[in-house]
Amino acid sequence: MSRRLIPVSRAARIGVATAATSRAVLGASFTWLALLVGVYAADAGPPLPAMATTAAVLFPIAAWATAAHLAATSDDLRAVLTAATGRPVALLLDAVPAMIWLIGAAVTGVAAATLFDPHPAPPVHWVLGLALHLLSGLVGVALALTLQALRQTRGGQTLTILAAALASALVPFLPPIRPLLQAWSAADHPAGTALEVWSLLGPLVLTAVLTTLAGLLRRRWP
């Protein structure tokens with residue numbers, strides 16, 4: 001097997017450095033922190049419902065941060081990385097900075113609940129809260145990758161992300177927002193087991209579909 005022209009680790013560092021210097025990515029990060037401050041400035045109630053709420057909002061914010069990073073990477077640099085590493089690896093490299101951002105945001109969301117929510121909760125709720133943040137954010141990352149593969153403009157991406165968030169909040173069983181809130185936003189957990197399972201499985205299914213679509217669309221690039 002031939003050696004890649006650019007090592008994957010070096011290409012990943014380029015992507016992370018690009019994301020770290022993007023003002024739009026920083027804007028998404030500050031928006032996320034401001035949201036957490038707003039939620040926990042007063043009594044947010046039991047930790048799990050509060051984390052379900054912040055996890056739901058992380059979907060469009062993660063999509064915003066990912067789209068901002070992708071826009072900050074020039075088409076010429078992406079073409080060089082694609083030629084040097086191959087299309088599947090280039091797609092993975094685009095996702096690496098987004099995943100690093102998402103993990104940081106998810107941990108911050110759970111840490112905020114741990115530090116500032118006065119209500120007690122069993123350890124399983126904190127683990128579940130982290131999973132909800134990661135799953136919701138994963139859909140946002142995959143959506144942004146798909147929109148970038150469609151060559152949408154920044155304005156078009158913003159409108160699509162907002163429309164997707166609104167649809168997910170209103171349409172029953174459309175992950176991640178509506179199932180997540182229906183399953184976990186009530187303190188006494190009245191939701192059935194099927195809905196709880198779908199709130200965890202649905203985002204994974206949608207992420208897989210969107211990521212596959214992004215990969216197929218990229219294969220059609222010149």
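Of the residues making up the range 134-171, those that are among the hydroxyl-bearing types (Ser, Thr, Tyr) and farther than 20 Å from Val205 by Cα are Thr153, Thr158.
Among residues of the range 165-176 that are closer than 20 Å to Thr54 by Cβ, those with a Cβ under 9 angstrom from a residue that is exposed (fewer than 15 other Cβ atoms within 10 Å of the Cβ) and hydrophobic (A, V, I, L, M, F, W, C), sequence gap 6+ or separate chain, pair up as Leu174/Ala167; Pro175/Leu201; Pro175/Leu204; Pro175/Val205.
Scan the range 112-119 and give yes if some residue there is of a type in the set (A, V, I, L, M, F, W, C) and within 16 Å of Leu206 (Cβ to Cβ), otherwise no. No - not one qualifying residue is present in the range 112-119.
The numbers here are math on the coordinates, done by the rules we state, and not lab data. This one's a predicted model, so the numbers in the text were calculated from it and none came from an experiment. With ideal geometry, Cβ positions are generated from the backbone for all residues, glycine too; neighbour counts draw on all protein chains shown.
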